[in-house]
1. From (1) touching a residue at least 40 places away in the same chain (Cβ under 8 Å); (2) farther than 17 Å from Val10 by Cβ; (3) of a type outside the set (Lys, Arg); (4) touching a strand residue (DSSP E or B) at 6+ places or on another chain (Cβ under 6 Å), pick out the condition that doesn't hold for Gln43.
2. Can you confirm whether Val27 is of a type outside the set (S, T, N, Q), farther than 23 Å from Thr202 by Cα and either at pLDDT 95 or above or not in a loop (DSSP other than H, G, I, E, B) (or both)?
3. Do any helices (runs of 4 or more DSSP H) lying entirely in segment 142-219 carry at least 2 residues that are touching a strand residue (DSSP E or B) at 6+ places or on another chain (Cβ under 7 Å), and which ones are they?
4. Filter segment 107-126 down to residues that are in contact (Cβ under 8 Å) with a residue 60 or more places away in the chain and over 17 Å from the mean Cα position of the chain (by Cα), then give me how many there are.
5. Go through (1) assigned to a helix (DSSP H, G or I); (2) crowded, with 19+ Cβ neighbours inside 10 Å; (3) in contact with a helix residue (DSSP H, G or I) (Cβ under 7 Å, 6 or more places away or on another chain); (4) aliphatic (A, V, I, L, M) and name the single condition Ile129 misses.
6. For segment 91-115, which positions are in a loop (DSSP other than H, G, I, E, B) and over 21 Å from Gln47 (Cα atoms)?
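The values are calculated or read from the model by the stated rules, or taken from the named source; none is laboratory data. Everything numeric here is computed off the predicted structure, so don't read it as measured data. A quick note on method: Cβ atoms are made from the backbone with ideal geometry, for glycine too, and the neighbour counts reach across all protein chains shown.
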Amino acid sequence: MTEYHGNVHVGGPVQTHELPQLMITKVAVGPMDNNAYLLRCRQTDEQVLIDAANEAGTLLRVIGSGGLARVITTHRHGDHWQALAEVVERTGATTVAGRYDAEGIDVPTDELLDDGDRIGVGQSTLEVIHLVGHTPGSIALLYDDPKGPPHLFTGDSLFPGGVGNTRGNAENFTSLINDVEAKLFARLPDETWVYPGHGADTTLGKERPSLPEWRARGW
């Protein structure tokens, strides 16, 4: 078994993080190097996809023949849902997104999410964390592994080296960094594994010392 490191590239192999109760498969798709994540419950084999970003064929190959219960879209930006319509058409999956971003997603949302909501992945559960700033309805998804550190899917709200792009809007930046500090860093331990919407993984511990720098620079 290849050790999971989370470094994937468009056209390259997937990476699978094998947890005691959940399998997390990470794949990169073009043209904007988006990450998509397929979660599979090891007890029931139910599968959930986070961000049907692009390259529906690639995503469908990763999903395989095991079916797909839901597609969760982390936020409204188009590079995170270009393959959503085709994936849903092919799998019959339920569409899920944050309440305040659903109107910006061209595919209708079946289930609207609010802060604190929970989503089942077979016998495992994801907690919804609403983070305002990158978009009005961005969400992160927390899997609090009962047998190990937490696992956090942050969309475009948190990356290695900073919070998501707020395009120079000071109010949006302040909102986002406040939410990230209060709802993620103040609550979760350093060993929390972070899976972002683009690029490499990180942990909260790696990023925590940089929070004052991020706030001071304003992006």
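1. Unmet for Gln43, out of (1) touching a residue at least 40 places away in the same chain (Cβ under 8 Å); (2) farther than 17 Å from Val10 by Cβ; (3) of a type outside the set (Lys, Arg); (4) touching a strand residue (DSSP E or B) at 6+ places or on another chain (Cβ under 6 Å): (4).
2. The answer is no for Val27.
3. Numbers: elements: 170-179, 204-207, 211-217.
The qualifying helices (runs of 4 or more DSSP H) are 170-179.
4. 2
5. Result: Ile129 passes all but (1).
6. Of all residues in segment 91-115, those in a loop (DSSP other than H, G, I, E, B) come to 92-93, 99-101, 105-110, 114-115.
The answer is Arg99, Tyr100, Asp101, Ile105, Asp106, Asp114, Asp115.
Condition check ((1) buried (at least 19 other Cβ atoms within 10 Å of the Cβ); (2) in contact with a Pro (Cβ under 6 Å, 6 or more places away or on another chain)) across all residues:
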site: Ala97; (1), (2): yes, no
site: Asp106; (1), (2): no, no
site: Leu112; (1), (2): no, no
site: Pro149; (1), (2): no, no
site: Thr154; (1), (2): yes, yes
site: Lys183; (1), (2): no, no
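The rows are residues; the columns are (1) among the hydrophobic types (A, V, I, L, M, F, W, C); (2) farther than 30 Å from Lys147 by Cβ.
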| residue | (1), (2) |
| --- | --- |
| Gly78 | no, yes |
| Arg90 | no, yes |
| Asp110 | no, yes |
| Glu127 | no, no |
| Leu131 | yes, no |
| Pro136 | no, yes |
